[in-house]
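Engineer: Have a look at this one before I ask anything.
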Amino acid sequence: RDSNARMVLETLSFELQVVSVDPEALAFVTRFSKLTGDFQRLSGVDLKVMALTYQLEKQFNGTEHLNEKPRPPQAPKCDSPAPPSEEEENNAAEEEEAKEGREEGEGE
């Protein structure tokens, strides 16, 4: 758009290829982003960049490995153990009370 940018582009050691976004790819990305709830937070440029990415992926690698719609949310995986159940907490409290009772009896 300006003379400096044009000069930089002219000095590149490779040729840039300008590609327009296919309306079908833009429609796919727009629909997908609405299903994930992200549409309202994405700009027009965001959608076009993702659509172009989808378009090129489709062109060079196909779409068999891509999801047609978002996956249902899954519970996060974590390495830490699950928190104890109420029953386990009660049992632990009872064991602690019994232990304290034994220790008091030993001190007499």
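The values are calculated or read from the model by the stated rules, or taken from the named source; none is laboratory data. All of these numbers come straight from a predicted model, not from anything done at the bench. Accessible surface is based on the protein model in full, side chains and every heavy atom, while ligands, DNA and RNA are left aside. Shrake-Rupley method; radii C 1.70, N 1.55, O 1.52, S 1.80 Å.
Engineer: Taking segment 1-15 on its own, how many of its residues are within 36 Å of the chain's Cα centre (by Cα) and part of a helix (DSSP H, G or I)?
Structural biologist: Number satisfying all stated conditions: 3.
Engineer: Restricting the search to segment 50-67, which residues are within 19 Å of V21 (Cα to Cα) and either among the polar types (S, T, N, Q) or open to solvent by 70 Å² or more (accessible area, probe 1.4 Å) (or both)?
Structural biologist: Within segment 50-67, M50, T53, Q55, K58, Q59, F60, N61, T63 qualify.
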